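Take a look at the structure below.
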Amino acid sequence: MAPFPPYPPDFVADLRALRRRPELAGSLWRSPDLVALTYGRLWSLVAEVVPPAMASAPAPARVLDVGCGTGVLSLELARAGHDVTAIDADRAAIDLAERGAPHAAPGRVTYHRADVHEWESDEAAFDLVVTTRTLHHVDEPAVALERMRRWLRPGGRLVCVDFLHDRFDRRAARWLAQVRGLLEATRSFDPDGRLPPDPDGAVDRIEWEWEQEHVVEHPLNGADDIEGPLGCLFRTERRSWHPYLYWDVLSGLDLDDAGAEKATARLVAAWEASLLAADEIPSVLLRFVGTR
């Protein structure tokens, strides 16, 4: 997992307090529009299947957020009225997340620096477990999911949104090469190296970069490692696939004009969504909802 960049002392990972931050160049948090299209949409995927706590309910839902990162989703779950416990193994991430805790009303959120394999909790302690973009990089995801299942009460729900890198194929590489090529030609993208000018060479380069990033330099868990245990340990309520490749494109956007940045980012995100709907490229982002 890549280390968190240095964030200024007043930074909070809060979807409701976004502003432009030129000092965070290289992070999506540099732009409210980029955050809305990425972390904002990630929260929407969770919010669609996690209703807010109702004032008439006897008690708020007990929610565990596994791999909470900087706490952006934990904070929103608490604002929806839930009682949230959030864990992450990264001390820097937890330090950032705790900055948002005072804004969690009407619910509450408590953060713990803990690895999913080491954290201790009572069995059946939670009504809901949420884990987003976490299982692809934890050791033994099947064991991690078994622990999450034990922490759920009988009938409790798991919401998992995760990145399955090995669903990427040449069709996806060809699309990314087209997007990158257009942005590089207009000097709107800041990659480590420019793509070759010939189309096949550009696609080859994208495939090589993908392999280096997700297999060689940072070996990640694949689809079988994650989908298999999900299906075995939980009764499936819902499975759906969503755009995610555009996150990498948005990370590399290099536009000084905020209006042009917003328009370009929206276009790329919509482009991927339309290709997914037409089954012309695969999705690498799974949303799974299941019950114990």
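A few points about this structure:
- Compared with the dominant principal axis of the Cα atoms in the chain, helix 223-233 is inclined by about 20°.
- Crossing angle, helix 170-185 versus the chain [Cα axis fit, 0-90 degrees, rounded to tens]: 60
- Given +1 at the Cβ of Lys and Arg, -1 at the Cβ of Asp and Glu and no other charges, the dipole of the chain around its Cα centre is 1220 debye to the nearest 20.
- Each principal axis of the Cα cloud of segment 16-104 was taken in turn, and the coordinate range along them, longest first, works out to 45, 27, 20 Å.
- Taking only alpha carbon atoms, segment 88-227 gives an Rg to Rh ratio of 1.09, where Rh is the Kirkwood radius.
- Placing a label point 7 Å from the Cα of residue 25 along the Cα-to-Cβ direction, the residues of segment 241-275 whose backbone N falls under 12 Å of that point are 254-256.
- Residue-averaged 222 nm ellipticity for the chain, from DSSP H runs of 4+ at -39500 (n - 2.57), nearest 500: -11500 deg cm²/dmol
- For the peptides 75-88, 185-198, 98-111, 242-255, residues were scored by their other Cβ atoms within 10 Å and the scores averaged per peptide; the highest-first order is 75-88, 242-255, 98-111, 185-198.
- Magnitude of the charge dipole for segment 34-180, about its Cα centre and with charges confined to Cβ atoms of Lys, Arg (+1) and Asp, Glu (-1), is about 680 debye.
- Placing a pseudo-label 7 Å from each Cα along the Cα-to-Cβ vector at residue 211 and residue 291 gives an inter-label distance of 4.5 nm.
- Relative to the longest principal axis of the Cα atoms of the chain, the long axis of helix 199-211 makes an angle of roughly 30 degrees.
- The chain pair-distance distribution - Cα-Cα, 10 Å bins, rounded %: 6, 27, 35, 23, 8, 1, 0
- Cα centre as origin, Lys/Arg/Asp/Glu Cβ charges: segment 152-292 dipole, Debye: 1000
- Among 291, 134, 38, the order by Cβ neighbours within 10 angstrom, fewest to most, reads 291, 38, 134.
- Summarising the overall dimensions of segment 160-249 from its C-alpha atoms, the Rg and Dmax are 15.7, 48 angstrom.
- Residues 238, 157 arranged by fewest to most Cβ contacts within 10 Å: 238, 157
- The phi torsions of segment 75-86, fed into the Karplus equation with coefficients 6.51, -1.76 and 1.60 and a -60° offset, translate into couplings of 4, 5, 4, 5, 5, 7, x, 8, 9, 10, 10, 10 Hz, rounded to whole numbers, with Gly and Pro shown as x.
- Rg/Rh, computed from the Cα trace of segment 201-262 with Rh as the Kirkwood radius, has the value 1.12.
Laboratory data are not the source of any read-out in this text; all were calculated from the coordinates shown. These figures come from a predicted structure and were not determined experimentally. All Cβ positions, glycine included, derive from the backbone under ideal geometry; neighbour counts span all protein chains shown.
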